Amino acid sequence: VQSEFGINTELSTNFDLNEIDPLGIFFQLANAETQFPSLQLTGEYDRSGRKTSVLEGRDKNGQIIALAFDSETKLLVNVSGTVRNVSFGDYRQVGDMQLPFQIDRSGFPTTITSLVVNKPIDNSNFERRQYCYDRP
């Protein structure tokens, strides 16, 4: 990256996209055996008037993590760790999955208005277009 002052800075490519993607935890849970080698049920607790089952352990990077699932629906309602605290709600059917439309990342709520899974991408999006500034 080059700043407007002409200073070049190398950006690290060693970051986990799941840390910035609000739905990244669901991809991790799809591969729970490799992503979470150490998880165990700690018990059932009350969370805002609903019973939740809590799993605690470590992720593949050794970070402490706690996953809270609604005991009735079995849906993920909270992920807590050393660097993140994310709550999920308002689950809706999207294709063959149920996904949350309410996400709260450490006090910053997000409402998703629509989600589409596996929508085909039109090849015209990848074709080169000539713009006025492209012409000599």
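The values are calculated or read from the model by the stated rules, or taken from the named source; none is laboratory data. Here the structure is a predicted model, which means the values were calculated and not measured. Quick reminder, even Gly has a Cβ in these numbers, built from the backbone with ideal geometry, and neighbours come from all protein chains shown. All accessible areas refer to the heavy atoms of the entire protein, side chains included, with ligands and DNA or RNA removed. Shrake-Rupley method; radii C 1.70, N 1.55, O 1.52, S 1.80 Å.
Please go through region 98-136 and give me each residue that is among the hydroxyl-bearing types (Ser, Thr, Tyr) and at positive phi, ordered by number.
Answer for region 98-136, where residues must be among the hydroxyl-bearing types (Ser, Thr, Tyr) and at positive phi: just Ser106.
For region 22-59, what are the residues that are open to solvent by 70 Å² or more (accessible area, probe 1.4 Å), closer than 22 Å to Ser106 by Cα and at pLDDT 85 or above?
Scanning region 22-59 gives Tyr45, Asp46, Arg47, Ser48, Arg50, Lys51, Glu56, Arg58.
So, in region 58-92, exactly how many residues are on the phi < 0 side of the Ramachandran plot and assigned to a strand (DSSP E or B)?
21
Within region 64-84, how many residues are surrounded by 14 or more Cβ atoms within 10 Å (Cβ to Cβ) and over 17 Å from Phe27 (Cα atoms)?
Total meeting the criteria: 2.
Can you give me the number of residues within region 96-136 that are open to solvent by 70 Å² or more (accessible area, probe 1.4 Å) and in a loop (DSSP other than H, G, I, E, B)?
Adding up the residues that qualify gives 17.
Could you please let me know if Tyr131 is without any contact (Cβ under 8 Å) to a residue 60 or more places away in the chain and either within 18 Å of Ala30 (Cβ to Cβ) or touching a Cys at 6+ places or on another chain (Cβ under 9 Å) (or both)?
Spelling it out, it is not the case that Tyr131 is without any contact (Cβ under 8 Å) to a residue 60 or more places away in the chain and either within 18 Å of Ala30 (Cβ to Cβ) or touching a Cys at 6+ places or on another chain (Cβ under 9 Å) (or both).
Go through region 5-21 and give me each residue that's open to solvent by 50 Å² or more (accessible area, probe 1.4 Å), in a loop (DSSP other than H, G, I, E, B) and modelled with pLDDT of 70 or more.
Result: Phe5, Ile7, Thr9, Glu10, Asp21.
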